[in-house]
Amino acid sequence: MRVFANPVGGGSLWFDNLATADGIPVAYDPQARAFLPMPPFCVNRDIIGCNWIAPEEGAFCRSCAMTAVAPDVSIPNAIPNWAQTEAAKRWLLDNLGRWHWFRPEDPGAPPSFHMLAEGPTPVAMGHVGGVVTISVAEADEVLRTTRREALEEPYRTMIGHMRHEVAHMLWWRLSLRADFLEAFRSVFGDERADYAAALQRHYGDGPPADWKLSHLTTYASAHPHEDWAETAAHLLHLTDITDSVIASGLSSQHFPYSGWDPYSEPNANLLIRVAVSVVTGINHANRSMGLPDIYPFMLSDVAQRKLVFVHEWLRRGAHGR
C-alpha cells in the first residue's frame with residue numbers, strides 16, 4: 001500500500017486517515033488514488049469511519065455501495081466490528097484496483113458483500129455467484145485468535161479473509177472466459193470434484209502428509225477451489241507487503257531498481273523472489289520483539305508455480321489482456 005501526499009500541507013497520509021495531522025478532514029479518491037480535502041464524503045463516514053469520497057452528497061462510496069447487506073447493529077459490537085471489516089475491504093479493493101479490478105474501467109460485475117454480525121450461531125463465510133459473505137465478528141481479536149488456534153492456522157486476519165473470499169469471486173469471474181478453465185485445471189486440478197466431500201475429508205482426516213510439497217497451507221490442500229483462493233490471497237499478501245515496504249521508504253539490495261512498483265512487475269518469479277527476501281527480513285525483525293513471523297509460510301516449487309499462474313491471470317486485470 002502506498003503512502004499518500006497531504007493535499008493541504010506538509011507530511012504524509014496513510015490509507016485509513018480521516019484527517020491530516022492538523023485536523024483538516026480529508027477523504028480518499030480511489031479513482032485518482034489520492035486524498036482530497038473536500039466533500040462529498042461517504043455517507044458511512046460518521047457511522048463506521050469510512051474515509052472514501054462519494055459520487056454525490058448523501059451517497060455511499062464505491063466500496064460501501066458493494067455492501068448489499070449490513071450487519072444487525074442491535075448485536076453487541078456489530079458497529080465497531082463492521083467498521084474494521086469495511087476498512088479491510090477498502091484496502092483489498094485498492095490492492096486489486098492496481099490490476100484494474102472493480103474500477104470503472106472494469107466491464108464485469110463487482111462483488112456484492114453480505115456483512116453479517118454473529119449471534120449465538122457462527123456465520124459461515126464464503127462466496128456464491130458473486131456474493132461474498134463475511135462475518136464481521138472476526139474483527140474481534142479474541143474471537144479470531146480462538147478460531148485460529150482451534151483450526152491450527154498460522155495466520156488469520158480480516159484482510160486475509162477478504163483476500164481469500166474475494167479470490168473465489170475472481171475465480172468465478174475468470175471461469176466465464178473460454179480460455180481459463182482448462183489452464184486452471186492443468187495447474188490446480190479439477191474443481192468439479194465433490195466440494196462438500198472434500199471439506200468433510202479435510203476436517204475429518206486432516207491434510208495429506210506431504211501437503212507442503214504442493215500447497216501453501218493445509219486448507220489449500222482440501223480442494224482446487226481452496227487452493228486457488230489461498231494462492232491468490234498469498235499473491236496479494238506478498239505483493240502488498242513488498243509494495244508497503246517500498247512506500248515506507250525502506251530499501252533493499254533485492255529491489256530491481258529505484259522506484260520499482262511490485263504491482264506493475266510483469267515477471268512473477270522476480271516479484272516472488274523479491275517478496276520472499278522482504279518477508280524473511282521482516283520475520284527476523286519481528287523475532288527481535290518476541291512477535292510471531294509476519295509471513296509464517298514456506299513456498300515449495302509447486303506452490304511458486306501456482307503463484308505465477310495466479311499472477312498471470314490477475315495481472316491481466318478485468319479486461320483479460
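Quick rundown of the values:
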| item | result |
| --- | --- |
| Filtered residues of region 99-135 (kept if of a type in the set (A, V, I, L, M) and either out of contact with any strand residue (DSSP E or B) (no Cβ under 7 Å at 6 or more places or on another chain) or more than 21 Å from LEU235 (Cβ to Cβ) (or both)) | ALA109, MET115, LEU116, ALA117, VAL123, ALA124, VAL128, VAL131 |
| Scan of region 64-77 for residues that are buried (at least 21 other Cβ atoms within 10 Å of the Cβ) and out of contact with any Cys (no Cβ under 7 Å at 6 or more places or on another chain), ordered by number | THR67, PRO71 |
| Odd one out for VAL142 among (1) over 22 Å from TRP313 (Cα atoms); (2) β-branched (Val, Ile, Thr); (3) surrounded by 14 or more Cβ atoms within 10 Å (Cβ to Cβ) | (3) |
| Test: residue in region 190-213 that is closer than 29 Å to ILE282 by Cα, within 21 Å of the chain's Cα centre (by Cα) and aliphatic (A, V, I, L, M) | no |
| Of the criteria (1) of a type outside the set (A, V, I, L, M); (2) closer than 20 Å to TRP101 by Cβ; (3) surrounded by fewer than 22 Cβ atoms within 10 Å (Cβ to Cβ), which one PRO292 fails | (2) |
| Within region 278-296, tally of residues that are under 17 Å from the mean Cα position of the chain (by Cα) and either of a type in the set (Ser, Thr, Tyr) or within 30 Å of GLY108 (Cβ to Cβ) (or both) | 1 |
| Qualifying residue in region 237-244 (condition: more than 20 Å from ARG163 (Cα to Cα) and surrounded by fewer than 18 Cβ atoms within 10 Å (Cβ to Cβ)) | no |
| Matching entry among PHE102, PHE188, PHE113 (being open to solvent by less than 30 Å² (accessible area, probe 1.4 Å) and over 25 Å from GLN31 (Cα atoms)) | PHE188 |
| Output for region 67-116, where each listed residue is among the aromatic types (Phe, Trp, Tyr) and either farther than 20 Å from ASP46 by Cα or in a loop (DSSP other than H, G, I, E, B) (or both) | TRP99, TRP101, PHE102, PHE113 |
| Within region 1-54, considering residues that are outside any loop (DSSP other than H, G, I, E, B), within 15 Å of ALA83 (Cα to Cα) and in contact (Cβ under 8 Å) with a residue 24 or more places away in the chain, the one most open to solvent (accessible area, probe 1.4 Å) | ILE47 |
| Where a residue in region 260-271 is open to solvent by less than 10 Å² (accessible area, probe 1.4 Å) and its partner, wherever it lies, is part of a loop (DSSP other than H, G, I, E, B), with Cβ under 6 Å and at least six apart | TYR263/ARG98; LEU271/GLU265 |
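For every residue, the table says whether it meets (1) exposed (fewer than 15 other Cβ atoms within 10 Å of the Cβ); (2) in contact (Cβ under 8 Å) with a residue 24 or more places away in the chain; (3) more than 26 Å from HIS311 (Cα to Cα); (4) not acidic (Asp, Glu).
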residue	(1), (2), (3), (4)
PRO154	yes, yes, no, yes
GLY160	no, yes, no, yes
HIS168	no, yes, no, yes
ALA197	yes, no, yes, yes
TYR203	yes, no, yes, yes
ALA209	yes, no, yes, yes
THR217	no, yes, no, yes
HIS225	no, yes, no, yes
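The values are calculated or read from the model by the stated rules, or taken from the named source; none is laboratory data. Predicted, not measured: the structure shown is a model, and the values here were computed from it. Quick reminder, even Gly has a Cβ in these numbers, built from the backbone with ideal geometry, and neighbours come from all protein chains shown. Protein only, heavy atoms only, side chains kept; ligands, DNA and RNA dropped before computing areas. Shrake-Rupley method; radii C 1.70, N 1.55, O 1.52, S 1.80 Å.
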